[in-house]
Amino acid sequence: MIKRSLLLSSLLLVAGGLQAQDQAPDLAKAKQTAETICAACHGADGNSQLSANPKIAGQHEDYLFKQLREFKGWNGNAPVRENAVMTAMVAGLEESDMRALAKYYASFELQPEPAKNIDTIELGRHIWRAGIASKGVPACAACHGPAGAGMPAQYPRLSGQFAEYTEAQMKSFRDGVRHNDPNSMMRMIAIKMTDPEIKAVSDYAAGLR
């Protein structure tokens, strides 16, 4: 009986070890994918040089995985997040590849962008910290954090991100072009904001550290 228990325990340990190996992200493969597919737009280390393409270095791993997964149409369904370029890029990736890529890019250090518009810095700061009470717009800091660090999976890090990219995404939420926000939160917020308000808070977020 004792021998049987020891044998069973050993088998369980071996099986658990093999399962852990199967689940471990293949970072070597992720590096190859990053260098051959992703680097052209996002940079080999996730620090994009073009504001049309977000900086993904140091972004939350869970958030990156969520976005990658939602760019791909699964089981015949349309992508949750529609973007022709990204849908093509992830077409050949499985979930394990996406998890590895997310972990890979999250491991790099962000090279942050600065805030650029001194004329709107006060408006941007006010919206970030206090929202726009007259419109029912909550403070950005409530979800993305006082310093723009975000929260894994749900709310991305916005500090140091291109202001132009953040602005474009907010407008996409407002216009219903992008609709993969949890509980439609960003759509409900952005629809209440004017272009100058969106631009001001996007620029302020870029300068957060």
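Please report, to two decimal places, log10 I(q)/I(0) for the stretch 16-124 at q = 0.11, 0.23 Å⁻¹ as given by the Debye formula with identical point scatterers on the Cα atoms and no solvent. Scattering profile of the stretch 16-124, log10 relative to I(0): -0.41, -1.28.
In the chain, the longest principal axis of the Cα atoms and the axis of helix 61-71 are about 80 degrees apart.
For the chain, what ratio Rg/Rh do Cα atoms give with a Kirkwood hydrodynamic radius? Please report the intermediate quantities before stating the final value.
On the way: Rg = 20.4 Å, Rh = 18.7 Å.
Computed over Cα atoms, the ratio is 1.09.
Of the residues A139, A149, A88, the one that moves most in a GNM of the chain with alpha-carbon contacts below 10 Å is A88. Extension gain for the segment E109 to A24, taken as residue separation times 0.36 nm less the Cα-Cα distance, is 28.4 nm to one decimal.
Pull out a ≥ b ≥ c, the square roots of the eigenvalues of the alpha-carbon gyration tensor of the stretch 147-209, then state rounded if a/c is under 1.5, prolate if not and a/b is larger than b/c, and oblate in the remaining case. Before the final figure, lay out the partial values.
Working: a/c = 2.05, a/b = 1.18, b/c = 1.74.
Since a/c reaches 1.5 but b/c is at least a/b, the shape of the stretch 147-209 is classed as oblate.
Across the options M86, Q32, P152, the greatest Cα extent toward the positive end of the charge dipole of the chain (unit charges at beta carbon of Lys, Arg, Asp, Glu) belongs to P152. Distance between the 7 Å Cα→Cβ label points at M188 and I121: 3.4 nm. The C-alpha atoms of the stretch 44-88 occupy a region whose extents along the principal axes are 33, 21, 14 Å, arranged from largest to smallest. Solvent-accessible area assigned to carbon and sulfur over the chain amounts to 59 percent, based on a 1.4 Å probe.
Counting only heavy atoms of the protein chains and using a 1.4 Å probe, L208 has close to 20 Å² of accessible surface. Cross-link partners for K72 among the aspartates and glutamates, with Cα-Cα distance under 17 Å and sequence neighbours closer than 8 places in the same chain left out: D62, E82, E94, E95, D97, D181. Once backbone amide H atoms are built at 1.01 Å from N, V137 has I132 as its partners under 5 Å, excluding neighbours fewer than 5 places away on the same chain. Straight-line cross-link partners of K135 among the lysines, defined as a Cα under 27 Å from its Cα and at least 8 positions apart when in the same chain: K116, K171, K192, K199. On C-alpha positions alone, give me the angle between the axis of helix 95-106 and the longest principal axis of the chain, in degrees, nearest 10. Roughly 60 degrees, rounded to the nearest 10.
If you run the Gaussian network model on the chain, springs between alpha carbon atoms under 10 Å, then out of P156, P54, P138 the most flexible one is P138.
Local charge sum around N47 (other residues, Cβ-Cβ under 13 Å, Lys/Arg +1, Asp/Glu -1)?
On the way: positive: K55; negative: D45, E109, E113.
After counting each charged neighbour, the total is -2.
Work through the residues other than R125 whose Cβ is under 15 Å from its Cβ and net out their charges, Lys, Arg +1 and Asp, Glu -1. Summing Lys/Arg as +1 and Asp/Glu as -1 gives 0.
Candidates Q169, I56, A141 compared by Cα position along the dipole of the chain: farthest toward the positive end lies A141, with charges placed on Cβ. Counting Lys and Arg as +1 and Asp and Glu as -1 over every other residue whose Cβ lies under 11 Å from the Cβ of E94, the net charge comes to +1. Charges were assigned to the Cβ only: +1 to each Lys and Arg, -1 to each Asp and Glu. The resulting dipole of the chain about its Cα centre is roughly 540 debye. Each Lys and Arg contributes +1 and each Asp and Glu -1, all at the Cβ; summed about the Cα centre of the stretch 101-193, the dipole is approximately 280 debye.
The values are calculated or read from the model by the stated rules, or taken from the named source; none is laboratory data. Here the structure is a predicted model, which is why all the values come from computation and not from measurement. Don't worry about glycine lacking a Cβ; one is built from the backbone with ideal geometry, like all the others, and counts go over all protein chains shown. Side chains included, ligands, DNA and RNA excluded: accessible areas come from the protein's heavy atoms. Shrake-Rupley method; radii C 1.70, N 1.55, O 1.52, S 1.80 Å.
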